[in-house]
Amino acid sequence: LQQRPEDLERIVGKANILTNLCVAYKNLGRSSEALETYSEAIVALRGVLKKVPAHSSALNELALVRHDQSTLLQSLGHKDQALEAHQEAFDIRRQLQQRYPEYPMYRTFLARSHRTQAFYLQLDRKLDASLKEHQAALTLITPLIEKFPDIYDYQLDVINTLIGAIRVCQLADNAKDGRQLLEQLANRARAGGATLTELEAATFDAVAIRL
């Protein structure tokens, strides 16, 4: 029997609840339960996509689950599995952003996957490639600040990306690009100074001192 669209959306909603449960498990240090719950969410979402391969909500949720699963696997030392999960999330997010280029949500999620890719490349000491991924993330997210200046999450995404890029420059002894990025970070911090938290301000100062 063919399932109704609302039934499929209900399954996606259940998967989202499971994803939030995984976050709670991770915060409690219950990694094995988090991994089991990620797997449950993934099975449910793949079931939806088997019926409707282009189901945008299911694709977006699967990318979220696989991205978060990747970070947990990486922290547990399962590098190959982490990279596999990350790559699937990355591919899905590229697909969704190409399909819906006007949707800010898909731009921000793809930018975050670029930052994750930069992190993995940094771990492998592929610093030039890592910096390019940070720059790709900035290309995606910076226009959203200009279009939606009051949305703090976009400001924070840019600040975090700039900090990550500057750290790569430090590791690569790339002072030229690092100083340019630091200037961008200073301008961005000043522009969003009213909402910059003490922790973020301290991180900015620490980065500036080390460059």
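The values are calculated or read from the model by the stated rules, or taken from the named source; none is laboratory data. Remember, predicted model here, so these are calculated numbers, not experimental data. Cβ coordinates were reconstructed from backbone atoms using ideal geometry, including for glycine residues, and neighbour counts include every protein chain displayed. Heavy atoms of the whole protein, side chains included, go into the accessibility calculation; ligands, DNA and RNA do not. Shrake-Rupley method; radii C 1.70, N 1.55, O 1.52, S 1.80 Å.
Is it the case, given these coordinates, that residue 19 is open to solvent by less than 30 Å² (accessible area, probe 1.4 Å), touching a Cys at 6+ places or on another chain (Cβ under 8 Å), over 16 Å from residue 91 (Cα atoms) and of a type in the set (Ser, Thr, Tyr)? The answer is no for residue 19. Among the conditions (1) within 21 Å of residue 134 (Cα to Cα); (2) open to solvent by 20 Å² or more (accessible area, probe 1.4 Å), residue 13 misses just one, which is (1).
In the set (1) under 15 Å from residue 63 (Cα atoms); (2) open to solvent by less than 20 Å² (accessible area, probe 1.4 Å); (3) in contact with a Leu (Cβ under 8 Å, 6 or more places away or on another chain), residue 118 fails one condition alone, (1). Any idea which of 132, 176 is part of a helix (DSSP H, G or I) and exposed (fewer than 15 other Cβ atoms within 10 Å of the Cβ)? So the residue among 132, 176 that is part of a helix (DSSP H, G or I) and exposed (fewer than 15 other Cβ atoms within 10 Å of the Cβ) is 176. Looking at the range 156-176, can you tell me whether even one residue there is at pLDDT 90 or above, more than 24 Å from residue 109 (Cα to Cα) and small (Gly, Ala, Ser)? Within the range 156-176, one or more residues are at pLDDT 90 or above, more than 24 Å from residue 109 (Cα to Cα) and small (Gly, Ala, Ser). Residues in the range 67-95 that are free of Cβ contacts under 8 Å to residues at least 40 places away in the same chain, of a type outside the set (S, T, N, Q) and open to solvent by 30 Å² or more (accessible area, probe 1.4 Å): 9 in all. Residue count for the range 141-172 satisfying the condition of being in a helix (DSSP H, G or I), open to solvent by 20 Å² or more (accessible area, probe 1.4 Å) and not polar (S, T, N, Q): 9. When the range 26-43 is filtered for residues that are surrounded by 13 or more Cβ atoms within 10 Å (Cβ to Cβ) and either modelled with pLDDT under 95 or within 15 Å of residue 58 (Cα to Cα) (or both), the ones remaining, listed by number, are 26, 38, 39, 40, 41, 42.
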